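Reading through the structure tokens given below for one structure.
Read-outs throughout are calculated quantities, based only on the coordinates presented, and are distinct from any laboratory measurement. Not measured: the values here are computed from a predicted model. Glycine also receives a Cβ, built like all others from the backbone with ideal geometry; neighbour counts cover every protein chain displayed.
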Amino acid sequence: MVYERGYTTDEPTRDEVNSLSGPTVLEFGAEWCPHCQALQSGLRALMEAHPEIRHLKVEDGKGRPLGRSFAVKLWPNLVFLQDGKVLKQLARPDPSALETAFQSFKSST
């Protein structure tokens, strides 16, 4: 799959996320967020190294139901899913934690 550059405001429903097949990184954040901006180069490199992983990038904020359903409080917040099931969830991950989370896909298969 491809690294998504921009956050979408057209978020999927929780049911749609739960029914996704295969590995997925669901990223919550906002374009203006400096923490989100700082994460992007490392995340892009990992997504390019793992083209089999789907990347969904969803703009989060007050009143956004998908983020609330995952208890998102800090950005960026990444949810690692395998067949719609949460393997790991990270808020403001450092590069080491991010790489370790990508490895969780291999250990779940």
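If I take R0 = 22 Å and measure r between the Cβ atoms of Ala38 and Thr8 in this structure, what FRET efficiency does the formula 1/(1 + (r/R0)^6) give, to the nearest 0.05?
0.60
Tell me the relative contact order for the chain as a rounded percent, counting alpha carbon contacts under 8 Å between residues six or more apart.
Over the chain, the number comes to 35 percent.
Using the Cα atoms of the chain to build a convex hull, what is its mean projected area in square nanometres?
6.0
From the helices alone, meaning DSSP H stretches of at least four residues, give me the mean residue ellipticity at 222 nm for the chain, per-run term -39500 (n - 2.57), in deg cm²/dmol to the nearest 500.
-11000 deg cm²/dmol
If you take the Cα Rg of region 20-78 and divide it by 2.2 N^0.38 Å, with N the number of residues, what do you get?
Compared with the compact-globule rule of thumb, region 20-78 sits at 1.14.
Antiparallel as a % of all DSSP beta bridges within the chain, to the nearest 5?
Just about 65 percent of them are antiparallel.
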